[in-house]
Amino acid sequence: MDTHHDDITVEQAIEYFAAEVAYWREVRGLAKNALAAAMGYTPSYVSHMEAGRTKPSEDFARRADETLKAGKAIWKRWCEYETAKARAHQPAVLPVPHRPEQPYATGSALVVEHDTARLDYDGAMYRLTMRRLLRNTGIEPVTRYLIRISVDRYPGEPERSNAHYRENPLRWEELALTASCRGEVMAWETKHDRDAFKEIWLLFDNEQGRFPLYPGESVWIEYAYSVSDYKWGRWFQRAVRLPTEHLEVTLAFPVALDPMVWGTETSMTAEQIPLRTAPNRLDDGPTRIFSWSTSTPALHARYRLEWKFRARPEPDNNQGELR
């Protein structure tokens with residue numbers, strides 16, 4: 001269990017568990033009814049669990065983690081829930097002053113004023129550039145920010161995907177991760193390092209000094225990384241994990257590949273539906289650019305853009321995700 005979750009409440013633990021299940025279900029490309037059938041639960045039970053209306057159980061956590069091949073991520077969320085329950089029933093003691101952490105979920109003091117992602121593809125390599133305008137609405141300085149890199153080349157085929165990444169894991173040297181804030185390079189620490197999934201804390205400091213985000217301040221951060229198309233695939237998903245005021249995605253592909261783009265939206269209470277507005281398309285010389293945006297996206301919603309290259313079709317339904 002991660003120490004930064006040691007002081008979460010039972011309600012927060014339920015919310016984190018629900019979000020983790022929903023995240024891995026989306027990564028694996030499963031509808032709620034398909035996951036329910038695979039686990040031996042009813043679709044309504046899975047729906048209530050993801051909405052946070054049902055308390056996590058040990059059996060559900062074990063089955064969900066195994067079915068979704070989540071690498072113990074779901075199980076750890078259940079352990080956090082059990083710890084929070086035990087702590088809530090402990091006799092009252094004198095409060096000990098502490099500096100609250102900034103979890104990467106609802107309850108954080110962070111608000112994302114603007115979230116913009118640009119994905120560039122040159123025919124062999126994807127380069128993702130993320131820019132976020134963060135606002136600290138809390139009472140403590142923010143000193144780090146959590147990001148995820150997750151790939152799944154064969155959604156709906158977890159065994160095939162797992163085998164693929166065992167042989168071809170994501171490697172730090174190929175990711176070439178960079179991050180900056182206020183013109184300063186951001187140091188970073190690894191939280192999880194797996195073949196197809198990585199979580200990284202971006203730190204508001206480096207060897208030359210610290211530059212925390214103080215209460216009431218807003219600041220842009222930017223980070224970028226690369227993944228080959230052999231490990232990425234043909235879809236890109238944005239999950240809204242913090243209150244967000246505007247979200248924007250841009251995809252840039254070679255015109256010669258004749259790309260076609262479409263998208264879907266999934267919320268905590270609804271299955272996938274088409275995006276409410278179509279992506280815009282613009283040809284700029286040798287590059288075809290697709291852009292899509294939404295104002296005030298729903299918390300825990302997931303927006304996924306998918307594409308195909310009509311001039312270079314592939315026989316397999318190869319897909320992947322980076323966040």
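Where a number appears in this text, it was derived from the coordinates with a stated rule and is not lab data. This is a predicted model, so every value here is computed, not measured. All Cβ positions, glycine included, derive from the backbone under ideal geometry; neighbour counts span all protein chains shown.
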Sorted largest first, the Cα spans of the stretch 169-323 on the principal axes come out in Å as 49, 35, 34
Between residue 234 and residues 5 or more places away or on another chain, the pairs with built amide H atoms under 5 Å apart involve 319, 320
Reduced to Cα centres, the span from the stretch 135-165 to the stretch 183-259 in Å works out to 10
Distance in Å, no decimals, from the C-alpha centre of the stretch 293-310 to the one of the stretch 12-74 is 22
Once the in-chain neighbours fewer than 8 apart are removed, the aspartates and glutamates whose Cα is under 18 Å from residue 85 read 2, 6, 7, 11, 15, 58, 59
Per-residue ellipticity at 222 nm attributable to helices in the chain (runs of n ≥ 4 DSSP H, -39500 (n - 2.57) apiece, nearest 500 deg cm²/dmol) works out to -7000 deg cm²/dmol
Burial-style ranking of 201-209, 246-254, average other-beta-carbon count within 10 Å with highest first, yields 246-254, 201-209
Note on the stretch 120-212: the mean projected area of its alpha-carbon convex hull, in nm², is 8.2
Under the 7 Å Cα-to-Cβ spin-label approximation, residue 122 and residue 180 lie apart by a distance in nanometres of 1.9
Expressed in µm² per second, the diffusion coefficient of the chain from the Stokes-Einstein equation, with Rh the Kirkwood radius over alpha carbon pairs, at 4 °C and 1.567 mPa s, is 62
Under the 7 Å Cα-to-Cβ spin-label approximation, residue 82 and residue 295 lie apart by a distance in nanometres of 4.7
Sorting 218, 257, 277 by the position of each Cα along the dipole of the chain (Lys, Arg +1; Asp, Glu -1; all at Cβ), the one nearest the positive end of that ordering is 277
With a 18 Å threshold on alpha-carbon distance, the violating pairs from 198/231; 32/198; 76/198; 76/231; 191/231 are 32/198; 76/231; 191/231
Taking only the alpha-carbon positions of the stretch 3-88 as identical scatterers, the Debye log10 I(q)/I(0) at q = 0.19, 0.23 Å⁻¹ comes out as -0.75, -1.07
Quick note on 63, 288, ordering by fewest other C-beta atoms within 10 Å, gives 63, 288
